[in-house]
Amino acid sequence: MFSLISPQLSAPMRVLVTGGTGLVGRAIQHVIREERGIREGEEWIFLSSTDANLMDAGETREVFQKHQPTHVIHLAAMVGGLFKNMRANLDFWRNNIYINDNVLQAAHEVDAVRVVSCLSTCIFPDKTTYPIDETMIHNGPPHKSNFGYSYAKRMLDVYNRAYHDQERGRFYTAVIPTNVFGPHDNFNIKDGHVLPGLIHKAYIAQKEGSPLVVWGSGTPRRQFIYSLDLARLFLWVLTEYQEVEPIILSVGEEEEVSIKEAAEAVVEVMRFKGQVTYDTTKADGQFKKTASNAKLRQYCPNFTFTPFKQALKETCDWFVANYDSARK
Ligand code: NAP
Ligand code: GFB
């Protein structure tokens with residue numbers, strides 16, 4: 001657990017960040033420490049699974065009773081890339097349902113005034129019109145590759161509406177990030193997402209003089225958001241966003257790239273000189289999940305996303321510099 005506490009005792013805002021030690025949690029830690037700072041009287045507590053197994057109702061209640069948060073950023077989840085989801089849809093469903101039910105009820109019991117949870121653009125209906133927007137979450141079944149995770153995440157939206165309707169207008173909401181990448185990502189090739197997977201594979205291929213093998217055809221399309229940009233937007237949502245309805249946090253549709261283009265960007269940034277091959281025996285997953293960030297743009301017209309190549313370079317540099325300790 002990491003606590004960031006200002007000198008003053010009474011804290012107008014005591015923020016508990018579940019999943020505080022993961023990719024997004026560490027980005028929030030970085031932005032709080034290096035950019036925003038700790039405001040007068042604030043306290044920020046970043047939890048890992050060693051502080052409490054949030055799949056256990058008793059442990060969850062205990063850690064919430066201990067910290068008595070006024071605000072909660074709920075990131076903790078069973079998370080993984082396409083291939084991990086395809087192997088474990090039941091676990092993704094059950095584990096995330098347990099975590100989400102326990103966290104929201106524990107927040108309610110300590111009278112937290114705000115909870116911001118995390119959905120994902122991959123949970124939207126697979127058969128849909130584009131661009132996807134926030135009103136479309138429940139309009140049809142998700143892609144078969146990650147239906148367990150998708151339905152568990154969709155239930156967060158149901159929880160938020162139910163707590164608002166029944167429990168004295170509880171004001172719990174959610175954000176919907178697109179694919180996230182950055183320092184402290186999960187670089188495990190089997191279980192992680194595409195960008196950390198390609199970065200790790202390029203690193204190994206470079207050392208071994210072997211080809212970089214990109215999985216699938218390379219034709220699917222994705223929007224990628226840098227974890228530090230997501231963290232900056234999360235902090236805005238925590239205090240300024242006033243709707244129970246969720247909000248998509250993503251770069252614009254025009255920033256969508258193919259997996260092939262993403263792989264070429266990794267090759268360029270990692271200065272990989274070897275052969276690049278495509279293993280089309282591996283699944284492509286969802287072809288695209290193009291999301292609109294029009295609602296975000298209405299609220300934050302001047303927010304500037306870090307250019308993709310710059311964000312990718314910072315991520316690659318971090319991975320190479322922290323290879324021994326990185327999750328891989
Ligand atoms: P991550 O790097 O895998 O981190 C997951 C965090 O959750 C870790 O701090 C982990 O603790 C904690 N956690 C997992 N199981 C737990 C349990 N049973 N009890 C307590 N804590 C537990 O994930 P992430 O990429 O930061 O994702 C954060 C949130 O963003 C998730 O809700 C995810 O669904 C959402 N999201 C992610 C992406 C993406 O591309 N990464 C895209 C859209 C949405 P330990 O460190 O102790 O394991
Ligand atoms: O990030 P990713 O694993 O998940 O991307 P999704 C998968 C796409 O990248 C597929 C291709 O088209 C893969 O064929 N790909 C190419 C690779 N090389 C690699 C590689 O080395 N590793 C990986 N992982 N993919 C996830 C959802 O979908 O999106 C999760 O399943 C989560 O639930 C996440 O929400 C944000 O973007 O396809």
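A few notes on this one:
- At least 1 residues being over 30 Å from residue 220 (Cβ atoms), within 13 Å of ligand 1 (Cβ to nearest atom) and touching a strand residue (DSSP E or B) at 6+ places or on another chain (Cβ under 9 Å) is the threshold, and among the helices (runs of 4 or more DSSP H) wholly inside the range 1-114 those reaching it are 23-31, 57-67, 89-109.
- Residues of the range 291-306 classified as within 29 Å of residue 85 (Cβ to Cβ) and open to solvent by 70 Å² or more (accessible area, probe 1.4 Å), total: 0
- Residue 262 being touching a residue at least 24 places away in the same chain (Cβ under 8 Å) and out of contact with any Lys or Arg (no Cβ under 8 Å at 6 or more places or on another chain): no
- The range 112-130 - residue that is within 20 Å of the chain's Cα centre (by Cα) and touching a residue at least 60 places away in the same chain (Cβ under 8 Å) and, of those, most open to solvent (accessible area, probe 1.4 Å): 126
- Any chance residue 215 is open to solvent by 10 Å² or more (accessible area, probe 1.4 Å) and within 26 Å of residue 38 (Cα to Cα): no
- Test for residue 153: is it within 20 Å of residue 89 (Cβ to Cβ), within 16 Å of the chain's Cα centre (by Cα) and of a type in the set (D, E, K, R): yes
- Counted residues, the range 191-216 - those being charged (D, E, K, R) and touching a residue at least 60 places away in the same chain (Cβ under 8 Å): 1
- Only one entry in 260, 328, 282, 288 is open to solvent by 60 Å² or more (accessible area, probe 1.4 Å), within 16 Å of ligand 1 (Cβ to nearest atom) and of a type outside the set (A, V, I, L, M), namely 328.
- Where helices (runs of 4 or more DSSP H) fall wholly inside the range 230-328, the ranges with 2 or more residues that are in contact with a strand residue (DSSP E or B) (Cβ under 9 Å, 6 or more places away or on another chain) and under 28 Å from residue 159 (Cβ atoms) are 294-299.
- Any hit, the range 148-163, residues being more than 16 Å from ligand 2 (Cβ to nearest atom) and open to solvent by less than 10 Å² (accessible area, probe 1.4 Å): yes
- Residues being more than 16 Å from ligand 2 (Cβ to nearest atom) and either open to solvent by 40 Å² or more (accessible area, probe 1.4 Å) or more than 18 Å from the chain's Cα centre (by Cα) (or both) - total across the range 57-103: 18
The values are calculated or read from the model by the stated rules, or taken from the named source; none is laboratory data. Source: prediction; values computed, not measured. Ideal geometry is used to build each Cβ from the backbone, glycine not excepted, and the neighbour counts take in all protein chains shown. These area figures cover heavy atoms from the full protein model, side chains too; ligands, DNA and RNA do not enter into them. Shrake-Rupley method; radii C 1.70, N 1.55, O 1.52, S 1.80 Å.
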